Amino acid sequence: MVAAGSRRCDFAQSDARAGHSRRVAGNVFGWSLTIALPLLFLGVFFAWPVTALTARGFTGVEGGIDLSGVAEVLTNPRTWRLVRNTLVQAVAGTGASVVLGLPVAYLLYRTRFRGRAALRGLVTVPFVLPTVVVGVAFQALLRPDGWFGFLGWQETLPAVILALVFFNVSVVVRTVGGLWERLDPRVEQAARALGASPWRAFRTITLPALTPAIASAAAVVFLFCATAFGVVLVLGGAGYNTVETEIFRRTTQFLDLRTAAVLSILQLAVVVAALIASGRARANRERALHLQHEGITTHSWSYRSGADVATAAATLLIAGGLILTPLAGLVSRSLRNPDGSWGLQNYRALGTTGQGNALVVTVWQALAASLRTAAIATMIALTIGGMIALVLSRRPRRRAVRRALGLFDAVVMLPLGVSAVTVGFGFFITLNRPLGLNIDLRTAGLLVPIAQAVVAIPLVVRTMLPVLRAIDPRLREAAATLGAAPGRVLRTVDWPLALRSLGLAAGFAFAVSLGEFGATAFLARPDSATLPVVIFRLIGRPGAENYGMALAASVVLAALTATVMMLAERLRSQAGEF
Amino acid sequence: MQTRLRALGGAIIAIALTASLASCGDEEASGHDGTVTLLTHNSWAVSEEVLAAFEAESGFTVRHIPLGNAAELTNQIVLTKDAPLGDVVFGIDNTFASRALDAGALQTFIPTNLSASATGYVLDEGALIPVTRGDVCINIDTAWFAEHDRAEPQRIADLIRPEFADLTVVLNPATSSPGLAFFLATIDLFGEPAESGWMHFWIALGDNGVRVAESWSAAYRTEFSGSGEGGTRPIIVSYSSSPAFTLTDDGQATTTRALLDGCFRQVEYAGILTGAGNVEGAQALIEFLVSPTFQADIPGQMWVYPIDDAVELPADWARFGPLADTVYGPSAADIEANRDNWIDQWTQIVLD
């Protein structure tokens, strides 16, 4: 990102010195490249594979278009049961994540207190845990003999939604918190001084200002909930199915591409409708905000403030009940030796290949592979995602261009809304010598970080965009009026502000790559398996030692993720002076 | 002119970026004559020294690519049959074999060193060569029944009796490969007409409070009392070799046992892909997979039985996890013709 960004700026800057016509040409070229490269990337590694696989579903045995599957699938009542399940699950998961995420965002991003960085890290951990491990952890809590067995939620919709909220509350906290912590508090203070109640001031001043970030977060969470796979399989029970799990079954088990294609289109329709709704909500509310340095916007936590106390209580409840309890169960179980006594035997076993050689590599080797893969994936995601965010943050005057940008915005979110199975299987029929290159990309090790980057890009965009968009355009106009070339405006106005969200975006991208399982599990990995793949494999083998190792490895993965997120946090507060 | 030069420069940068992205994978992707590419399911494992010995002896380097579970592996082979991902596939089992064979994804080759016990399992004149076998059977937590002072079921048909209500866990055949295997065994065991045969069994089992899990691991870990993870049900679908992994502390006895009266024999095959780039290497690799060295390595690495019955087994296996004498299951052709339909029917009976 840094290299690509500064290179673009240099182009534009030299243009400025060389005269107006060339400046315009260079500017147009710079923007064209910024638009073309992400489109090329997403085209080759997302749109093409998905389209190709879906097209096979609509191709008859003798060739030619065969649409017989459409009527058959759409008239099947089972299909509509799947759609209903998917919608209920996604709406409930998103609603609960937003409602629970807001008080936590306030506490962690508007107030200062000892241990805040650690708490921010903790809240993010669930997001990147392997779904398999989370499924098993929640199931252990909810079964009849578990701590929460009295709820009777085993294999029910509430269990699935609870796990989805566990995963996604951090998306809301971080996306909303990122904007909230730089929102000028003085407007709300003025409202209070004029006699508004705290609730009224929040509802009429702060909430509208936060709406773009809330809509962004809700869109991402909705996509995650609508396409959730691992937790649904483990926690929903055998009778509970969604469009996503059915696409998986039809594709991987039955190779019934005809039904899968129709279901994929249905899923796409749901996702696109959600994106349009979210885009509307953002567009209605989006405007330039007075962004301020953290030092001004935050205050020391105080027991005298009702909002501080209430959000602290809510955060304690959410962090303690929803996040810490399953994690505590995981950690305590990982400290149980295979013979039932307490100790570190499971952790010592991480240097081995497991009971009966369950693994090809040791867990530490898998960890190294995970870090390598995640580093490459993060670089790709930041480069492509940063370019997209920059393009989307512009507000061109022409209506047609604005429309095109809106469409672009929706398109880059699609990777979150399309089944990993469709992308993964699509890779296999499209990436043999793509674009005339003489390599079989399907089995090249690079495909794993690329697939992870495709999943991470929407998150990078959504993390950076609210901050970039909230930059007052008058700042740019003022700089331009004073004679700054477009490149210089970018470098001195956009860049310092973007940098702050870049750290966070990098943390997210890295964490997502570390925990990614769906696509990674499908793709060829000639070198070494990643940590989530190894954990899944250990869970799939008999022997208490292997299960113990899987839990210890999950704890290591969780700790690593928390550390990465805290580093990203620190990077941000150092770089973000403006 | 300058503008055009600049545009050209930009285009070169774009191409260079794409190429550098591509070149990262290049070194791994290029297949020269000395490399043979092996596609497997995720459970593939081999001792390092055994594989190294093959590479040293044959002069071929093995490049290994895991491709998901058995069903995913098979379907990917079928999807990519016009441009195969490698030379040899290992891990297609007898519940999916016909799909790969019917698609024409494999070419025939019978290794000269194939053991006598393996020849009977060869499919389509050598398109698929058997490598491993394992029996999917009901497992009983005998310790649980002793502790609760209750009689154990003695055969699969007992599971629908009221005294065993709410004690059984089975696996969804739509998502689990041992689940499909056990389901196929019941189809053969209870037979047609379905209404009084296999369907009757599953309806009765459903009425008797059976629990359905999506995968073997989820079931064995969280539902089965015998795994020591706090599960509550003492009857589960697993493998005949599983009791060898639930030994008492002194290793002299096991706390679970398999019901051997209705097992399905899962056979895993290897084959050479149509359009393989390195046929010579592929043939050498197939010969290696059926050789006594590799066959003896299988139990300790992949937890299934070698296809070659002359190979010596680990002592615990012979003692606590023997294969069944008689196994059940429809023919491969029957499976291919009816698999999806059977699974849909099963879903309606048990889940919907």
Legend entry - Tally of residues being more than 20 Å from B:F288 (Cβ to Cβ), crowded, with 20+ Cβ neighbours inside 10 Å and within 11 Å of chain A (Cβ to nearest Cβ) across segment B:86-112: 4
Inset, instruction - Scan segment B:306-317 residue by residue and report those that are under 19 Å from the mean Cα position of the chain (by Cα) and within 21 Å of B:F54 (Cβ to Cβ). - result: B:P306, B:I307, B:D308
Legend entry - Breaking point among (1) more than 9 Å from chain A (Cβ to nearest Cβ); (2) in contact with a Gly (Cβ under 9 Å, 6 or more places away or on another chain); (3) not aromatic (F, W, Y), for B:D207: (2)
Legend entry - For A:G239: the one exception among (1) at pLDDT 85 or above; (2) of a type in the set (G, A, S); (3) not in a helix (DSSP H, G or I): (1)
Legend entry - Number of the condition not met by A:V176 [criteria: (1) in contact with a strand residue (DSSP E or B) (Cβ under 8 Å, 6 or more places away or on another chain); (2) crowded, with 24+ Cβ neighbours inside 10 Å]: (1)
Legend entry - Qualifying positions in segment B:294-319 - in contact with a helix residue (DSSP H, G or I) (Cβ under 6 Å, 6 or more places away or on another chain) and closer than 20 Å to B:G271 by Cα: B:F294, B:D297, B:P306, B:I307, B:D308
Inset, instruction - Any chance you could count how many residues in segment B:163-206 are touching a Pro at 6+ places or on another chain (Cβ under 6 Å) and more than 30 Å from B:S43 (Cα to Cα)? - result: 1
Inset, instruction - List the number of the failed condition for A:T75; all other conditions in (1) farther than 22 Å from A:A228 by Cα; (2) touching a residue at least 12 places away in the same chain (Cβ under 8 Å) hold. - result: (2)
Inset, instruction - Looking only at segment A:351-388, count how many residues are under 30 Å from B:D249 (Cα atoms) and modelled with pLDDT of 90 or more. - result: 1
Inset, instruction - Determine, yes or no, whether B:G230 is part of a helix (DSSP H, G or I) and within 14 Å of another protein chain (Cβ to nearest Cβ). - result: no
Inset, instruction - Just one of (1) modelled with pLDDT under 85; (2) more than 9 Å from chain A (Cβ to nearest Cβ) trips up B:A218, so point out which. - result: (2)
Legend entry - Single match in B:G321, B:G329, B:G281 (criterion: among the small types (G, A, S), within 25 Å of A:L538 (Cβ to Cβ) and crowded, with 22+ Cβ neighbours inside 10 Å): B:G321
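The values are calculated or read from the model by the stated rules, or taken from the named source; none is laboratory data. All values reported here derive from a predicted model rather than from experimental measurement. Neighbour counts run over all protein chains shown; Cβ positions are idealised from the backbone, glycine included.
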